[in-house]
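The values are calculated or read from the model by the stated rules, or taken from the named source; none is laboratory data. Bear in mind that the values here come from a model prediction, so they are computed numbers and not experimental data. Here Cβ is always computed from backbone atoms with ideal geometry, including for glycine, and neighbour counts include all displayed protein chains. Heads up: the accessible areas ignore ligands, DNA and RNA and are worked out on the full protein's heavy atoms, side chains in. Shrake-Rupley method; radii C 1.70, N 1.55, O 1.52, S 1.80 Å.
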Amino acid sequence: MKQFSATIILFLGSMLLSGMTALGSKPNIVMIYVDDWAWGGSSVRMQDDMSNSATELLSLPHIEKMAASGMKFSRAYGSHQCAPARAAVQTGQSNPRNGFTLVLGKTKGDYYDLRFEKRGFPMIPNISDPSLDADAVTIPEALKPYGYVSAHLGKWHLYSDPGAEGYILHSGDTTNNEGNTIGKGNDLSKDLTDPKLMFSLTEQAIGFMAEQVAARNPFYVQISHYAVHNGSECLYSTLEEFDAHPMITSHYEEKGKIPKMARGRPSAYFGMTKDLDTTIGLLLEKIESLGIEDNTYVILVSDNGYRRKDLMVDPNFSQPLHAHKWWAWEAGIRVPMIVMGPGIKGGSVFQGNVVNYDFLPTFVEWAGGDPASLENIDGVSLAPYMAGAAPTADFLNRPIYFHVPHYRGQTPHSAVISGDYKLMHFYQTPEIPMLFDLKKDPGERNNIATFMPEKHSQLLDQMNAYFKYVDAKIPKTNPNYDPDVFAQAPDYQMFQQWSAFEGTRPLGGDEK
């Protein structure tokens with residue numbers, strides 16, 4: 001009887017240990033989500049044959065380590081603005097589908113933004129959904145059935161409670177404001193210890209990871225940094241380091257003096273990026289010390305693109321992409337992205353198009369689930385490709401969609417990318433067809449629509465059919481359009497510069 005009991009105890013112990021091991025074998029997922037990070041704004045070339053897809057002014061050893069240990073993505077896409085990007089990440093849905101297309105503040109109307117009806121603009125734009133749809137499945141909700149515990153730290157900007165979306169630890173319904181630790185001032189004083197809350201967010205993430213490892217819970221943690229959004233903040237020692245950098249010193253000499261407003265100096269921006277890299281190093285070090293580095297995926301990616309003028313202090317740098325955040329041109333939506341983790345070959349490069357709404361199905365597959373079981377999403381799992389599988393033609397040519405039916409620093413427009421081809425469609429000038437070959441022309445200088453009318457028609461028809469299927473909001477012609485009034489709009493010159501064009505556009509002053 002004693003022998004039988006001992007056997008039972010050993011069997012039960014073995015089963016318990018086996019169950020714990022199986023639970024522990026599920027990979028952990030860490031997303032480092034950077035705000036307003038330009039595609040060429042790190043020291044890692046996002047495209048090997050483009051020198052201006054990185055900056056030589058920065059040395060970022062921990063980001064460089066991630067690229068050497070993992071996979072970088074040459075054509076990763078976010079959204080045109082931060083809040084829509086966050087909605088797409090959380091739901092696995094494109095912005096045309098989830099309706100979260102811009103942060104607009106208070107609007108009049110429930111479909112059209114009726115404030116523009118009497119403003120004389122060519123179109124009556126749409127409103128944006130103000131928050132996530134109640135029935136949308138978010139990352140923590142999708143991962144919970146597989147035993148995952150989830151945390152969201154930092155900028156949320158979705159005008160809702162992260163706890164209601166499944167996060168057991170979170171920073172609340174935050175916006176940009178919380179990251180501006182020195183308020184409206186510009187003095188980066190010597191006692192600033194937590195610029196943009198980079199260090200405290202990282203400490204919270206480290207604490208969360210340690211707790212879940214001790215509890216043997218697989219986890220998802222998203223560190224949504226306020227860096228490197230405008231209002232640059234960095235440690236004073238880092239500011240001094242870049243104030244002394246030869247390129248920046250030369251830049252200041254040309255200007256005649258170092259600007260008094262430290263927060264507006266190029267050195268503050270570079271210092272902020274350097275401090276961000278330091279916090280990434282702290283996070284990677286903790287993952288290693290916890291013994292989970294072989295079972296943890298780490299994703300480094302930005303919410304949207306940016307046209308960072310600070311990069312121009314390097315006289316050899318030129319802007320690689322067209323336009324700016326707020327627009328669906330490449331500089332507004334193409335983002336840096338690096339992923340490291342189990343099964344990902346170090347130093348590898350993926351050149352197919354990937355987009356922010358691919359993360360949710362990828363995470364589900366990593367967790368052991370079937371991405372095909374997810375309903376009402378647009379993303380596809382990238383897990384096979386990160387593990388080395390060759391992408392299929394269907395994947396490489398799948399359409400990915402961007403939708404900006406608004407006036408707020410931009411004119412209403414949409415875009416679809418399929419393979420190497422990108423269609424841009426401006427609602428106030430539909431008579432100007434626009435098509436680009438991103439492989440040959442990543443800067444979107446040459447509109448080839450007149451040379452490939454069939455391709456343009458195919459993509460336009462595909463986009464219109466998809467928008468109808470997901471019930472995307474579409475702007476309409478304004479019967480009160482007044483060209484003279486429109487020409488007085490504060491952003492009118494930008495509207496003209498970055499809207500539709502025929503043939504070849506002229507280079508901007510920061511392009512070569």
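Per-structure values
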| quantity | calculated |
| --- | --- |
| Boolean, Lys65 is basic (Lys, Arg) and in a strand (DSSP E or B) | no |
| Search result, residues across the stretch 164-186 that are open to solvent by 30 Å² or more (accessible area, probe 1.4 Å) and outside any loop (DSSP other than H, G, I, E, B) | Ala164, Leu169, His170, Asn177, Glu178 |
| Number of positions in the stretch 207-232 that are among the aliphatic types (A, V, I, L, M) and part of a loop (DSSP other than H, G, I, E, B) | 3 |
| Answer from Gln428, Gln410 - the residue that is out of contact with any Cys (no Cβ under 8 Å at 6 or more places or on another chain), touching a residue at least 24 places away in the same chain (Cβ under 8 Å) and surrounded by fewer than 24 Cβ atoms within 10 Å (Cβ to Cβ) | Gln428 |
| Residue match in the stretch 304-319 (condition: buried (at least 22 other Cβ atoms within 10 Å of the Cβ) and under 25 Å from Gly166 (Cβ atoms)) | yes |
| The stretch 381-404, residues that are open to solvent by 30 Å² or more (accessible area, probe 1.4 Å) and either over 29 Å from Tyr427 (Cα atoms) or not in a loop (DSSP other than H, G, I, E, B) (or both) | Pro384, Tyr385, Ala387, Gly388, Ala389, Ala390, Pro391, Thr392, Ala393, Asp394, Leu396, Pro399 |
| Single match in Ala38, Ala88 (criterion: at pLDDT 95 or above, assigned to a loop (DSSP other than H, G, I, E, B), within 21 Å of Gly352 (Cα to Cα) and open to solvent by less than 30 Å² (accessible area, probe 1.4 Å)) | Ala38 |
| Subset of the stretch 459-512 that is over 18 Å from Pro125 (Cβ atoms) and of a type in the set (Asp, Glu) - its residue that is most open to solvent (accessible area, probe 1.4 Å) | Glu502 |
| Whichever residue in the stretch 419-467 is in a loop (DSSP other than H, G, I, E, B), among the polar types (S, T, N, Q) and out of contact with any strand residue (DSSP E or B) (no Cβ under 8 Å at 6 or more places or on another chain) and, among such residues, is nearest to Phe395 (Cα to Cα) | Thr450 |
